[in-house]
1. Placing +1 at every Lys and Arg Cβ and -1 at every Asp and Glu Cβ, with all other atoms neutral, what dipole size does the chain have around its Cα centre, in debye to the nearest 20?
2. Could you calculate the contour length gain from Leu147 to Ser123, that is, 0.36 nm times the residue separation minus the distance between their Cα atoms, to one decimal place in nm?
3. Please work out the average accessible area per residue across the stretch 28-161, using the 1.4 Å probe convention, and give it in Å².
4. Taking the Cα centre of the chain as the origin and placing charges on Cβ (Lys, Arg +1; Asp, Glu -1), which of Gly97, Thr9, Pro119 is farthest toward the positive end of the dipole?
5. Nearest 500 deg cm²/dmol is fine: what mean residue ellipticity at 222 nm does the chain get from its DSSP H runs of n ≥ 4 alone, each adding -39,500 (n - 2.57), divided by its residue count?
6. For an R0 of 41 angstrom, estimate the FRET efficiency from the Cβ-Cβ distance between Asp79 and Arg18 and round to the nearest 0.05.
7. Report the relative contact order of the chain, percent, no decimals, based on alpha-carbon pairs under 8 angstrom and at least 6 residues apart.
8. Tell me the GluC sites (Glu not before Pro) within the stretch 83-135 that lie in a loop according to DSSP and have at most 15 other beta-carbon atoms within 10 Å.
Amino acid sequence: MAVTYATVTWDQLHRDARSLAAMLVPRMPLRGIVAVTRGGMIPAAIVARELGVRLVETISVVTYDEEHKGEPSIIKQPDTAGDGEGFLVIDDLVDSGVTARMVRERLPRACFACLYAKPAGRSLADLFVTEVPQETWVLFPWDTAPLFVPPLVAGQKPSAG
């Protein structure tokens, strides 16, 4: 199966996080938000701002040891969230569902929302903004950097603005 790439810009991420927040308005009020680190931290901050939620907790699930897939484990608990009642869990992407499954076991009463969902993990999300094909690798803005690209015509230099 060929891998395709989808690049998410900062602007797109912000728009999608605001769309997710709009979908969550009917679930207000919330006791708090739990961001799944690391990818869920920025979307969680945007959603927290949009919904006026001040309590933002984190949960850290590790599924990779360096570059080798291992047994998932929680290395930071969201103690304030209890069983998740009244809390919203936010992640950037649900892919295979390994992380989401572990988070849902730990916070069974929370609402789980993410920006992007792939078919293998989609059923684990209560809400998501965009479905992404399973073979697509999502490149988030924190995973990429803008680089200078030389002009098509040799000898040109970047303009000063």
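1. 440
2. Extra length available between Leu147 and Ser123 comes to 4.9 nm.
3. 58
4. Most positive-ward Cα: Thr9.
5. That calculation yields -6500 deg cm²/dmol at 222 nm.
6. FRET efficiency, Asp79 to Arg18: 0.90.
7. 24
8. Those satisfying the criteria are Glu85, Glu135.
The values are calculated or read from the model by the stated rules, or taken from the named source; none is laboratory data. Predicted, not measured: the structure shown is a model, and the values here were computed from it. Every residue, glycine among them, receives a Cβ derived from its backbone with ideal geometry; neighbour counts consider all protein chains shown. Calculation scope for accessible area: heavy atoms of the full protein, side chains included, ligands and nucleic acids excluded. Shrake-Rupley method; radii C 1.70, N 1.55, O 1.52, S 1.80 Å.
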